[in-house]
1. Quick one: grab the alpha carbon gyration tensor of segment 1-53, order the square roots of its eigenvalues as a ≥ b ≥ c, and give me rounded if a/c is under 1.5, else prolate or oblate depending on whether a/b is larger than b/c.
2. Run the numbers for residue 60 and residue 77: contour at 0.36 nm per residue of separation, minus the present Cα-Cα distance, in nm.
3. Out of segment 1-41, which trypsin sites (Lys or Arg not before Pro) are coil in DSSP terms and have no more than 10 other C-beta atoms within 10 Å?
4. Residue by residue, what Karplus-based ³J(HN,Hα) values in Hz, rounded to whole numbers, does segment 3-19 have, using 6.51, -1.76 and 1.60 with θ = phi - 60° and x for Gly and Pro?
5. Tell me what the chain gives for mean residue ellipticity at 222 nm when only DSSP H runs of n ≥ 4 count, each as -39,500 (n - 2.57), the sum divided by the residue total, rounded to 500 deg cm²/dmol.
6. Roughly what would the spin-label model give for residue 29 and residue 2, points 7 Å off Cα along C-beta, in nm?
7. On the accessible surface of the chain, probed at 1.4 Å, how many percent belong to carbon and sulfur atoms?
8. For segment 1-87, what is the accessible area per residue in Å², given a 1.4 Å probe and the full set of protein chains?
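The values are calculated or read from the model by the stated rules, or taken from the named source; none is laboratory data. None of the values given here were measured: they were computed from a predicted structure. Heads up, the Cβs are rebuilt from the backbone with ideal geometry, glycines too, and the neighbour counts pull from every protein chain shown. Calculation scope for accessible area: heavy atoms of the full protein, side chains included, ligands and nucleic acids excluded. Shrake-Rupley method; radii C 1.70, N 1.55, O 1.52, S 1.80 Å.
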Amino acid sequence: MLKLDLAKWNQTAEDLRDEALTAAHARTRERFLALYELTQQGHGITAIARGTTRHAQTLMRWVHWYNEAGPDGVVFQQTGGLTPFFAR
């Protein structure tokens, strides 16, 4: 079973929840919230994927990013596409 390595990054599940509530970008908030849900009892990747309308492979990728690079690994970065016409 795929698990988050919170101890490696000196974090708790509540730290993930706080990041999900305060992150600047909506995609980052979504990622941290999904990771937080994974730490809760009885929530597996498949159930969370169904609830978030994301593919389970996507959630697994987020877990790998977190385990490899920590919280900075799941922060959204614009990698392509057109820039927004109106800045927020």
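1. It is oblate, given that a/c is not under 1.5 and a/b is not larger than b/c.
2. My answer for the length gained is 4.3 nm.
3. Values: sites: 3, 8, 17, 27, 29, 31; in loops: 3.
Answer by residue number: 3.
4. 10, 7, 9, 5, 5, 4, 9, 6, 10, 10, 4, 5, 5, 5, 4, 4, 4
5. Numbers: 4 runs with 46 residues, N = 88.
The per-residue figure over the chain is -16000 deg cm²/dmol.
6. Taking the simple label geometry, residue 29 and residue 2 are separated by 2.4 nm.
7. 52 percent
8. Details: 6080 Å² over 87 residues.
Accessible area per residue: 70 Å².
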